[in-house]
Amino acid sequence: MVTSPGLDRTTELREVTGAVGHLAGICFKTGPPTLTGVELEWTVHDAADPARPVDRARLRAALGPHSPGTLDDTSPARPLRNGSTVTVEPGGQVEVSTAPRSSVAALISATEADIDELSALLGRAGLVLGRTGIDPWRAPRPVVDTPRYRAMRCVFDRHGPAGRTMMYSTAGLQVCLDVGEPAGFADRWAAVHAVGPPLVAAFATADRHAGRRTGWASARMAAWLHIDPARTRPVWSPYRPDQDPVAAWTEYVLAAPLLCVRHDGPDWTPPPGVTFADWIDGALPRPPTTDDLEYHVSTLFPPVRPRGYLEVRYLDAQPGQRWTVPLAVLAALLHRERTVRAALAVAAPVADRWHTAARYGLADPPLATAAGALLDLAREALPGLDLPTGTHEEIDSGIRQRIAAAERGHR
């Protein structure tokens, strides 16, 4: 891997080569794939009336010392007991981000304990966590307002209403996986993208929004797909399967329009159409720094985002404890190189069907076939995760349920 010697977070970028080196150094950290993390996001509802709006003050009171600074700038923002940090998204969605763990079993155990703690905090305030990838009852409505979120809303509004839906109504499950060893990284990178459409279909939970059926299996994924392709399309493409991952990501980052330009004022909205490459070339009054580059990366939302690890962003939030099933499926599929290659071979014919997966889910026969085969592969590889017997059995049962759903879709 290319590194970025001598570049700290305040280095000014006046040449593209400096940005290229910095991106390679921070976004692709290869090595043995030993760590797994997860980020779980939920809509939050009044326990007695799930269609009732939940405001910022009520969330702040419920979360107390765990409130993030976006809710309370005096909060200590304490992690939950097992280390998960709590954040609140612009529509009032609550998210926990775990510390990475060296085993999936340890990750599940720690995360379940933190979810229980979070649920208890919310429960005492008469609130409950949602169970789907998009708010089934309420229309999009802002709850948290910051310069970043105002700029996002302004830029997304240029493309239509999907941005507000994403910001204020959606909830996802993110799985964070190590990049892996250099020799197998290209296959791992391709596979984690290629399995996306069939896994979107297999785990879609977002068919109702704002009190009605949407016509989409995953209206959450539909919202992402309709925001701005320059910042939400997949980085890897089956039409350019051999493109170097670092080169593909660098091209993507530099060509993406700016979403926010930070400064001391309240309005961070950038001029329309200015890309990060344009900024390096002098499009704005001051040159960007490496810190600006890292912040720009945080405003890009492809289905898989490299952040030193691989952040898998394409899954809907799951009801209750069922989040463990897609987590284990992804971990199992990427656990061994031979399984990675097998998964890539299965998924390659449907690797471009993101829109179809969001629209039809397992009702699309090619996706149902691929999903069933991938889930079978995951079941075969599941023992390699060394899960406790009870956890293994629960996840195996969840996978078998999804296989049965895929078989119904195939028919």
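Would you say Arg286 is outside the structural domain of Met167 (by TED's automatic domain parsing) and not polar (S, T, N, Q)? The answer is yes for Arg286. The set of residues from region 194-213 being touching a residue at least 24 places away in the same chain (Cβ under 8 Å) and within 17 Å of Pro161 (Cβ to Cβ) comprises Ala206, His209, Ala210, Gly211.
Considering Pro257, Pro266, the condition of being touching a strand residue (DSSP E or B) at 6+ places or on another chain (Cβ under 7 Å) and over 30 Å from Arg341 (Cβ atoms) is satisfied by Pro257 alone.
Does Thr369 fit the bill of being in the same structural domain as Met221 (by TED's automatic domain parsing) and over 27 Å from Ala113 (Cβ atoms)? Here the answer is yes, as Thr369 does meet what is asked.
Residue under question is Gly123, and the condition is that it be part of a helix (DSSP H, G or I) and either within 21 Å of the chain's Cα centre (by Cα) or at pLDDT 95 or above (or both); does it hold? Outline the logic, then answer.
Numbers: part of a helix (DSSP H, G or I): yes; either within 21 Å of the chain's Cα centre (by Cα) or at pLDDT 95 or above (or both): yes.
It is true that Gly123 is part of a helix (DSSP H, G or I) and either within 21 Å of the chain's Cα centre (by Cα) or at pLDDT 95 or above (or both).
For region 13-40, a residue qualifies if it is surrounded by 14 or more Cβ atoms within 10 Å (Cβ to Cβ), over 24 Å from the mean Cα position of the chain (by Cα) and either of a type in the set (Lys, Arg) or farther than 14 Å from Trp249 by Cα (or both), and the qualifying residues are Leu13, Gly18. One residue stands out among those in region 287-303 that are more than 17 Å from the chain's Cα centre (by Cα) and part of a loop (DSSP other than H, G, I, E, B): the one that is surrounded by the fewest Cβ atoms within 10 Å (Cβ to Cβ), which is Pro287.
Please list, ordered by residue number, the helices (runs of 4 or more DSSP H) wholly in region 126-244 having 2 or more residues that are within 30 Å of Gly265 (Cβ to Cβ).
Details: elements: 147-157, 162-169, 185-194, 196-202, 219-225, 229-232.
Result: 147-157, 162-169, 219-225, 229-232.
The condition (being surrounded by fewer than 21 Cβ atoms within 10 Å (Cβ to Cβ) and in contact (Cβ under 8 Å) with a residue 60 or more places away in the chain) is satisfied by just one residue among Pro326, Pro306, Pro388, Pro365: Pro388.
On inspection, Leu375 qualifies as closer than 25 Å to Thr34 by Cβ and surrounded by 20 or more Cβ atoms within 10 Å (Cβ to Cβ).
Condition first: free of Cβ contacts under 8 Å to residues at least 24 places away in the same chain, in contact with a helix residue (DSSP H, G or I) (Cβ under 9 Å, 6 or more places away or on another chain) and not β-branched (Val, Ile, Thr). Can you find one or more residues in region 220-240 that meet it? Scanning region 220-240 turns up at least one residue that is free of Cβ contacts under 8 Å to residues at least 24 places away in the same chain, in contact with a helix residue (DSSP H, G or I) (Cβ under 9 Å, 6 or more places away or on another chain) and not β-branched (Val, Ile, Thr).
Condition first: among the small types (Gly, Ala, Ser) and surrounded by fewer than 24 Cβ atoms within 10 Å (Cβ to Cβ). Now tell me which residues in region 183-217 satisfy that. So that I can check it myself, show each step before the final result.
Keep residues of region 183-217 that are among the small types (Gly, Ala, Ser), which gives 183-184, 186, 190-191, 194, 196, 201-202, 204, 206, 210-211, 215, 217.
The answer is Ala183, Gly184, Ala186, Ala210, Gly211, Gly215.
The values are calculated or read from the model by the stated rules, or taken from the named source; none is laboratory data. Just so you know, these numbers come straight off a predicted model, no measurement behind them. Note: ideal-geometry Cβ built from the backbone for every residue, glycine included; neighbour counts use all protein chains shown.
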